[in-house]
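Q: Have a look at the structure that comes next, please.
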């Protein structure tokens with residue numbers, strides 16, 4: 001794994017370097033926001049994981065996340081924050097992070113979170129960061145894990161289509177959320193269930209994490225067609241494409 005840790009506290013970086021070395025990961029370090037963006041953009045396709053501190057000199061973590069997402073919509077990002085505010089955590093997720101860890105944290109906990117996110121991101125092979133801007137037409141011979149006629153999903157290529165139009169730039173967690181919901185159409189999942197199924201047992205986040213990811217997922221779905229992720233008030237979310245007409 002080639003990992004970029006963006007952290008202005010050099011003591012934290014030095015401590016984590018020992019743990020990364022033990023895992024045999026190729027770890028690189030940046031200590032300010034501007035330098036981090038420059039380092040990432042030198043070879044955006046080569047990074048497998050980003051850990052990103054929220055409070056950085058020069059450019060804060062929110063801005064860095066937004067800049068990274070311009071070059072790579074899918075590289076996994078774990079945000080490290082000393083803030084306990086739920087609004088800060090949710091905002092970080094909405095800005096493109098896939099997960100967050102609150103400081104002070106245990107190095108073992110961070111390693112576990114990295115492994116869990118990496119595991120999800122690499123199901124079915126390495127994710128391609130740059131997809132063509134024009135959505136391709138689905139070929140009839142393509143095989144899909146889920147095919148309702150209106151919605152199709154391929155776990156190996158990490159691609160999803162609505163009325164033969166690709167839902168673009170899905171992050172690892174957004175894809176996993178969509179797959180989890182679509183595997184059982186019209187079944188209602190609570191936020192707690194989605195946290196357990198998508199974030200694994202290692203994740204101990206609050207339920208607003210799910211809401212933040214659902215919001216971003218819906219925005220990407222709406223670029224290609226009608227909304228297929230429905231809210232069941234007071235319960236959770238469900239996948240339902242019965243109201244989608246054929247294109």
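The values are calculated or read from the model by the stated rules, or taken from the named source; none is laboratory data. Bear in mind the structure is a predicted one, so any value in this text is a computation, not a measurement. Positions of Cβ are generated from backbone atoms using ideal geometry, with glycine treated the same way; all protein chains shown enter the neighbour counts.
Q: For the subset of region 87-138 comprising residues that are assigned to a loop (DSSP other than H, G, I, E, B) and buried (at least 18 other Cβ atoms within 10 Å of the Cβ), which member is modelled with the lowest pLDDT? Outline the logic, then answer.
A: So in region 87-138, the residues assigned to a loop (DSSP other than H, G, I, E, B) come out as 95-98, 103-106, 122-138.
Narrowing the set further to residues that are buried (at least 18 other Cβ atoms within 10 Å of the Cβ) leaves 95-98, 127.
Values: 95: 72, 96: 76, 97: 83, 98: 85, 127: 39.
Checking each candidate, the answer is 127.
Q: Moving to a separate point now. Are any residues in region 156-175 under 10 Å from residue 144 (Cα atoms) and surrounded by fewer than 21 Cβ atoms within 10 Å (Cβ to Cβ), and if so, which ones?
A: The answer is 156, 157.
Q: Which of (1) within 25 Å of residue 120 (Cα to Cα); (2) buried (at least 22 other Cβ atoms within 10 Å of the Cβ); (3) in contact with a helix residue (DSSP H, G or I) (Cβ under 7 Å, 6 or more places away or on another chain) does residue 71 not meet, given it meets every other one?
A: (2)
Q: Residue 4 versus (1) crowded, with 22+ Cβ neighbours inside 10 Å; (2) in contact (Cβ under 8 Å) with a residue 40 or more places away in the chain; (3) closer than 27 Å to residue 207 by Cβ: which is the lone unmet condition?
A: All conditions pass for residue 4, except number (3).
Q: Checking residue 143 against (1) within 30 Å of residue 12 (Cβ to Cβ); (2) at pLDDT below 85; (3) surrounded by fewer than 16 Cβ atoms within 10 Å (Cβ to Cβ), which test does it fail?
A: Answer for residue 143: the failing condition is (1).
Rundown of residues vs (1) more than 18 Å from residue 119 (Cα to Cα); (2) buried (at least 21 other Cβ atoms within 10 Å of the Cβ); (3) free of Cβ contacts under 8 Å to residues at least 60 places away in the same chain, yes/no style:
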site	(1), (2), (3)
17	yes, no, yes
27	no, no, yes
33	yes, yes, yes
36	yes, yes, yes
41	yes, no, yes
52	yes, yes, yes
55	yes, no, yes
66	yes, no, yes
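Q: Next question, about the same structure. Has region 44-61 got any residue that is at pLDDT below 85, touching a strand residue (DSSP E or B) at 6+ places or on another chain (Cβ under 8 Å) and closer than 25 Å to residue 159 by Cα?
A: Residues of region 44-61 that are at pLDDT below 85, as a first pass: none.
No, that holds for no residue.
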